[in-house]
């Protein structure tokens, strides 16, 4: 398979546990920029929609869905910004975008429909901070943690959980 995989498994597993701690099983989950589906398929057994633009990653994701017998999970081959209708009110949205961060259309949709929670894992804290700044009018930061997935390099991963503000 072609694609990107985390290599520092103990640290990645901690990040997955932290994400799972913030997933409400009563809500549908949408995992955008989902790669082969590792995050979404690990953190919830609930109704799960996974969106990924890379065709080989989606093929692997479908194999993972089948191997885990997840009839309530579906994979969508698309850019996240082209399936904005998957972002709905009352859901939990997981995003793990590339270094460029979230597409403007995704941020716009998040601010429009106001899902209950956004779980944002980022490999670029600069673009993550930019994106979070565009969400804080409607969301409060309830959790933040950095991870050193790549020791002895300048790269870090950062997790931010945002909850919809009460109206």
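The values are calculated or read from the model by the stated rules, or taken from the named source; none is laboratory data. Since the structure is predicted, the reported quantities are computational estimates derived from the model, not experimental observations. Cβ: placed from backbone, ideal geometry, glycine included. Neighbour counts: every protein chain shown.
From 13, 25, grab the single residue that is in a loop (DSSP other than H, G, I, E, B), over 12 Å from the mean Cα position of the chain (by Cα) and at pLDDT below 95.
25
Being touching a residue at least 60 places away in the same chain (Cβ under 8 Å) and crowded, with 17+ Cβ neighbours inside 10 Å: is that true of residue 159 here?
yes
Every residue in the range 71-90 that is surrounded by fewer than 20 Cβ atoms within 10 Å (Cβ to Cβ) and under 20 Å from residue 141 (Cα atoms), please.
Those that are surrounded by fewer than 20 Cβ atoms within 10 Å (Cβ to Cβ) and under 20 Å from residue 141 (Cα atoms): 88, 89, 90.
Select from the range 108-130 the residues that are more than 17 Å from residue 167 (Cβ to Cβ) and over 13 Å from the mean Cα position of the chain (by Cα) and write down the one among them that is surrounded by the most Cβ atoms within 10 Å (Cβ to Cβ).
109
Kindly evaluate residue 19 against the criterion of being touching a strand residue (DSSP E or B) at 6+ places or on another chain (Cβ under 7 Å), in contact (Cβ under 8 Å) with a residue 24 or more places away in the chain and in a strand (DSSP E or B).
no
Taking interchain pairs and intrachain pairs at least six residues apart, which have beta carbon atoms under 7 angstrom, with the first residue in the range 80-101 and without any contact (Cβ under 8 Å) to a residue 40 or more places away in the chain and the second in a strand (DSSP E or B) and surrounded by 17 or more Cβ atoms within 10 Å (Cβ to Cβ)?
Listed by first residue and then by second, the contacts come to 83/51; 83/76.
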